[in-house]
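The values are calculated or read from the model by the stated rules, or taken from the named source; none is laboratory data. Everything quoted here is computed from the prediction, not taken from an experiment. Because the Cβ atoms are built from the backbone with ideal geometry, glycine has one as well, and the counts that use them run over all protein chains shown.
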Amino acid sequence: MKTRGKLVAALLMAAAFAMLAAPVFAGGGKDKAGGKLRVGFTVQDLTNPYFTTVIQGINDFKDEENVELLVHDAKLDAAKQVDGVENFITQGVDVIVICPIDPVALENAVKNAHKAKIPVIAWSEYIKGSDVFLTMDQHKYGYFAGEIAGKWAKAKFPNQADAKVMFVYIHAVKALAERGQGLIDGFMAYCPGATVVAEQDGNTPEEGLRAAETTLVAHPDLNVIVACNDAVALGAYEAMAAAGKKAGDVGIVGLDATPEALKRIRDNTMMIGTVDIGTYDQGKLFLRYSKETAAEGLIAEGADPRTVYVDFIGVSKENIGNYF
């Protein structure tokens, strides 16, 4: 696909730049040419389609890259995630990749990994002491989604106050709070006169469903939902459909470009947009940096981690054909 080709190219360019700017690495790297590289990956919550899609991308390429993947589901529990990292250390994996729930809570676990000469990759949000940081501009990511929803609402409602909008994101997680502010800022840049009827917490389909159901009780005229991911957006979609809402009258936007979200955009439903960060393609990025990090070992004490930014593309009816 043209769009995905551009995204992969952008990722590779970012990776090349990051390699040029990388710090000098200390000893302790492992040469795994003679056997499989064992990588432990702890994710926030496997009910989120984003993580299942990333893992699918990893699984589709791990054999040709000679990698064994061990996955830990923290179930949105920071203490469980710390335990998961400690278990990876005990198992003697070669690299640990963490998508943190609470970065501060994981700092000691990273130190323990380094004592065992195991390098750590922080995914999405920085953990002090990590060797590589794969991330995105969270505010910009949310802004792209808010922008799609704001443009739709501006065109739909000549009287902007008739746009009754709800934002759904996680307030307690720093990175997701930044993303949530991006949702709001992007939307308000195009439809500043909208009526904000609710800001809810949510990160899963069930939470998106509950957020929409709760808001509909007090605001049955809810007609715009901007969510921090497609999982939340699709859960909210079900609540809106159950309430008799219809395409054309309601606009729902998420992030991550999951297959189900893309299908609903294509089919002209209430789902009008999402944002693509090459979720499946990130599997290859994961494998590449896991192998390089294992070979290079721990960063020198006090050095900044190698930082790699992923890029993204807004998806709406204007470019949905690129995905099918």
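Structure above, values below:
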read-out: Restricting region 61-95 to residues that are closer than 15 Å to ASP45 by Cβ and in contact (Cβ under 8 Å) with a residue 40 or more places away in the chain, the residue that is surrounded by the most Cβ atoms within 10 Å (Cβ to Cβ); value: GLY84
read-out: Total residues in region 150-174, condition surrounded by fewer than 21 Cβ atoms within 10 Å (Cβ to Cβ) and within 29 Å of ASP102 (Cβ to Cβ); value: 3
read-out: Those residues of region 243-287 which are assigned to a helix (DSSP H, G or I) and either at pLDDT 90 or above or within 20 Å of PRO205 (Cα to Cα) (or both), in sequence order; value: PRO259, GLU260, ALA261, LEU262, LYS263, ARG264, ILE265, ARG266, LEU287
read-out: Counted residues, region 285-303 - those being of a type outside the set (Ser, Thr, Tyr), farther than 22 Å from THR53 by Cα and within 23 Å of the chain's Cα centre (by Cα); value: 1
read-out: Residue selected from region 46-103 under the condition charged (D, E, K, R) and farther than 26 Å from HIS114 by Cα, by the criterion nearest to the chain's Cα centre (by Cα); value: ASP60
read-out: Matching residues, region 288-314, being touching a Leu at 6+ places or on another chain (Cβ under 7 Å), assigned to a strand (DSSP E or B) and crowded, with 21+ Cβ neighbours inside 10 Å; value: VAL308
read-out: One residue from LYS291, LYS284 being in contact with a helix residue (DSSP H, G or I) (Cβ under 8 Å, 6 or more places away or on another chain), closer than 16 Å to LEU69 by Cα and touching a residue at least 60 places away in the same chain (Cβ under 8 Å); value: LYS284
read-out: Test: residue in region 131-149 that is under 23 Å from the mean Cα position of the chain (by Cα), farther than 26 Å from ASP249 by Cβ, crowded, with 23+ Cβ neighbours inside 10 Å and among the acidic types (Asp, Glu); value: yes
read-out: Whichever residue in region 150-191 is in a loop (DSSP other than H, G, I, E, B), touching a helix residue (DSSP H, G or I) at 6+ places or on another chain (Cβ under 7 Å) and of a type outside the set (Val, Ile, Thr) and, among such residues, is nearest to ALA78 (Cα to Cα); value: HIS171
read-out: Per-region count, region 111-149, residues of a type in the set (A, V, I, L, M), within 29 Å of LEU37 (Cβ to Cβ) and part of a helix (DSSP H, G or I); value: 1
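Every residue, every condition in (1) closer than 27 Å to TYR323 by Cβ; (2) small (Gly, Ala, Ser), yes or no:
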{"residue": "PRO205", "(1), (2)": "yes, no"}
{"residue": "THR214", "(1), (2)": "no, no"}
{"residue": "ALA227", "(1), (2)": "yes, yes"}
{"residue": "VAL232", "(1), (2)": "yes, no"}
{"residue": "ALA239", "(1), (2)": "yes, yes"}
{"residue": "LYS245", "(1), (2)": "yes, no"}
{"residue": "ASP256", "(1), (2)": "yes, no"}
{"residue": "GLU260", "(1), (2)": "yes, no"}
{"residue": "VAL275", "(1), (2)": "yes, no"}
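Rundown of residues vs (1) assigned by TED's automatic domain parsing to the domain that holds ASN48; (2) among the aliphatic types (A, V, I, L, M); (3) on the phi > 0 side of the Ramachandran plot, yes/no style:
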| residue | (1), (2), (3) |
| --- | --- |
| PRO220 | no, no, no |
| ALA247 | no, yes, no |
| LYS263 | no, no, no |
| GLN282 | yes, no, no |
| ALA303 | yes, yes, no |
| LYS317 | no, no, no |
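Here's the yes/no breakdown for (1) surrounded by fewer than 20 Cβ atoms within 10 Å (Cβ to Cβ); (2) touching a residue at least 12 places away in the same chain (Cβ under 8 Å); (3) within 30 Å of VAL104 (Cα to Cα):
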site: PRO205; (1), (2), (3): no, yes, yes
site: GLU213; (1), (2), (3): yes, yes, no
site: ALA218; (1), (2), (3): yes, yes, no
site: ASN223; (1), (2), (3): no, yes, no
site: ALA227; (1), (2), (3): no, yes, yes
site: ALA231; (1), (2), (3): no, yes, yes
site: LEU234; (1), (2), (3): no, yes, no
site: GLY251; (1), (2), (3): no, yes, no
site: LEU255; (1), (2), (3): no, yes, yes
